[in-house]
Amino acid sequence: MQKSLPTIVLIGALFALRMPCGAATPTLTTLFSFPGTEGAYPEAGLVLNNGALYGTTYAGGSGWGTVFKLSPPTPPATAWTPAQLYSFTGGADGANPRAGLVFSARGVIFGTTEQGGAHGYGTVFTLTPGTGGTWTQAVVYSFTGQGGDGAYPEAGLILSAKSGLFYGTTYGGGTAGYGTVFSLTPAAGGTWTEKVLCSFNGTPDGANPLAPLTLSTKGVLYGTTYGGGGTGWGTVFQLTQAAGVFTESVIYSFNGAPSGAGGGTACTSSTQPPCDGGAPAGNLLVNATTGVLSGTTTLGGDPTGCPQGGYEQGCGTVFQLTPPTPPATTWTEALLYTFGPPQDAMLPSYNLAAPPGGAPIFGTAFSGASSSFACFPESYTGCGMVYVLQPPKPPATAWTLGTMAVFAGDNGGGPNGVILSPAGGLLYGTTYEGGLSGGFGTVFQVAY
C-alpha cells in the first residue's frame, strides 16, 4: 500500500541554517524529478555503483513500482540520465518495492517487494545485466506467510562478503505473526534457499521490523523492530551465530518517552521515567572499532516538544548504544539529539550515513524544518531536511545538529535518508514526494 500519514512518518534551493562554525555552505541539487510513468513515490534510499545511482519506487511504471538507474552526465552535459530497469506488474514478479537495492559481486541486483509474488506476501528478486543495457528480472523467493515463513518484506537485503549469504527481515509472518529474520543461501543450479533464522514474538523481543540489518565485522547481525519489546515502542536486537545456529537477543527496549503519557510531563521531571526514543524504523551504524551502534527513532524524545501531529511521545531522536564492558552485560543508551518542530524538523527517517571513523553522522528528517512549506497535511508543516550531527569537542559534551538543506516541495519533500559518496563531500538521497514533474518524488544531491 502507498504511504499515508501517519504511516509515512514511520517511514535545487538551499536553506543553510545553523551550520557548524567554519563549515562550507552545502548546496542542494535536484538530479531528477519522477514523472509517475517512470516511477513514483520512492520510499527507500539509493545505492551507488560505478558512478551511477540505483533505487526503487513504490509506485509508477505500470502501477506497481519500478527499479531505476540514474547515470551521471558526461561533460559538458549537466543533466543526469534516467533509465527504468524494470516495472513490476503486480503479479508473480512482485509489487511495490519499499526498500533499497544491493549488488552481488557479479553485478546482479538483489531487492525485495513488499507484496506480490506467487503467494501475494512479497518477494526477493534479482535483475541480471545483459547486452545493450538490458536487464532480466527473476524472482528467487516468494514468501508464503504460512508455516512460520515471513510475509511482507519492507526492508532490503544485506550481503555477507565472507559467506556469500544474503540476510533480510519481513514485517509480518513467522510463528507469531510479528515478522522474521531470514537468510538466502546460494544452491546448485543458480537457485537460492531461504531459511527463517528468527521469528519475533512481540513481547519481549520485538515486533514488525522495518529496517535493514547491519552486519558487524565480527559476524553479528544487528537490527531494530518498530514495535514490541517491554513497552511496545520497539527494540534493538542482535543475532549471534555458533555452529551455524543463530541466537536472537534484545540489547535494548525503547520506552517511548513515557513522561509524556497523559499530560506531557517535562523530561526533567524526577518523578517520571526518563525520556527515550520510540518506534525505530531506520538502519543502524556500527563502529568497527568501538562496537557502538547509532540509529534513529521516528518518535519519542521530548513529549513536550512536538505539538504538531499530536505526538505525545515526541518527534523522534538520534540515539547511540554502547556495548557493555565485561563483566557487565547491559548496553548503555544515550540520546544524541531530540527533534522538535517546526524549524528543528521532526520524524527522522531511514538511512543514516557516516564516514569510517563514525562521525559526523548524516541523516534526514521526514517533515518539519520550516513553517513556510506544507508538503503534508497542516499538522505536518514543513517538507523535511538533511542534517549533520557533529560530535562534541571537549569540554563540551553535547552533539551539535547542523541543517544542510531544507526541502520546499518543488525540490522534494519527505526525504528517505542519505548515502555518502566514497570520496566524501557528496550525499545522495530520494524524497517521497515533491519535484517539478507532478510531485512524485525526487533524487537529490547535497555537496558540502
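The values are calculated or read from the model by the stated rules, or taken from the named source; none is laboratory data. Fair warning: this is a prediction, and the values are worked out from it, not measured in the lab. No Cβ is skipped: glycine too gets one built from the backbone with ideal geometry, and neighbour counts run over all protein chains shown. SASA here: full protein model, heavy atoms, side chains in, ligands and nucleic acids out. Shrake-Rupley method; radii C 1.70, N 1.55, O 1.52, S 1.80 Å.
Quickly run through region 186-229 and pick out the residues that are closer than 17 Å to ASP149 by Cα, part of a loop (DSSP other than H, G, I, E, B) and open to solvent by 60 Å² or more (accessible area, probe 1.4 Å).
ASN201 - this is the single residue of region 186-229 that is closer than 17 Å to ASP149 by Cα, part of a loop (DSSP other than H, G, I, E, B) and open to solvent by 60 Å² or more (accessible area, probe 1.4 Å).
Restricting attention to region 41-53, which residues are open to solvent by less than 10 Å² (accessible area, probe 1.4 Å) and under 19 Å from PRO129 (Cα atoms)?
ALA52, LEU53
Which residue, of ALA155, ALA161, ALA176, ALA99, is in a loop (DSSP other than H, G, I, E, B) and open to solvent by 60 Å² or more (accessible area, probe 1.4 Å)?
Step by step, each of ALA155, ALA161, ALA176, ALA99 is checked, and only ALA161 is in a loop (DSSP other than H, G, I, E, B) and open to solvent by 60 Å² or more (accessible area, probe 1.4 Å).
Kindly establish whether SER270 is at pLDDT below 95 and either assigned to a loop (DSSP other than H, G, I, E, B) or surrounded by fewer than 23 Cβ atoms within 10 Å (Cβ to Cβ) (or both).
yes
Assuming GLY91 fulfils every condition listed in (1) farther than 28 Å from GLY227 by Cα; (2) assigned to a strand (DSSP E or B); (3) out of contact with any Ser or Thr (no Cβ under 8 Å at 6 or more places or on another chain) apart from one, which condition is it?
Exception for GLY91: condition (2).
Return a yes/no flag: does region 302-311 have any residue that is open to solvent by less than 10 Å² (accessible area, probe 1.4 Å), within 20 Å of PHE407 (Cβ to Cβ) and at pLDDT below 85.
Scanning region 302-311 turns up at least one residue that is open to solvent by less than 10 Å² (accessible area, probe 1.4 Å), within 20 Å of PHE407 (Cβ to Cβ) and at pLDDT below 85.
Restricting the search to region 275-293, which residues are assigned to a strand (DSSP E or B) and buried (at least 24 other Cβ atoms within 10 Å of the Cβ)?
GLY277, GLY278, LEU293
Criterion first (at negative phi and either outside any strand (DSSP E or B) or not charged (D, E, K, R) (or both)) does LEU336 satisfy it?
It is true that LEU336 is at negative phi and either outside any strand (DSSP E or B) or not charged (D, E, K, R) (or both).
Identify the residue in region 312-323 that is at pLDDT below 95 and part of a loop (DSSP other than H, G, I, E, B) and, among all such residues, is most open to solvent (accessible area, probe 1.4 Å).
If we take residues in region 312-323 being at pLDDT below 95 and part of a loop (DSSP other than H, G, I, E, B), then GLU312 is most open to solvent (accessible area, probe 1.4 Å).
Can you confirm whether region 402-419 contains a residue that is within 17 Å of the chain's Cα centre (by Cα), assigned to a strand (DSSP E or B) and surrounded by fewer than 24 Cβ atoms within 10 Å (Cβ to Cβ)?
yes
Restricting the search to region 117-150, which residues are touching a His at 6+ places or on another chain (Cβ under 8 Å) and open to solvent by 50 Å² or more (accessible area, probe 1.4 Å)?
Matches in region 117-150: GLN146 only.
Let me spell it out: the conditions are (1) under 20 Å from LEU46 (Cβ atoms); (2) not in a strand (DSSP E or B), and PRO395 meets all of them except one. Which number is the exception?
(1)
To keep it simple, each residue is scored yes or no on (1) modelled with pLDDT of 95 or more; (2) open to solvent by 30 Å² or more (accessible area, probe 1.4 Å); (3) touching an Asp or Glu at 6+ places or on another chain (Cβ under 8 Å).
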residue	(1), (2), (3)
GLY382	no, no, no
GLN390	yes, yes, no
THR397	no, yes, no
GLY441	yes, no, yes
VAL446	yes, no, no
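Taking region 24-41 only, how many residues are at pLDDT 95 or above and of a type in the set (D, E, K, R)?
So the count comes out to 0.
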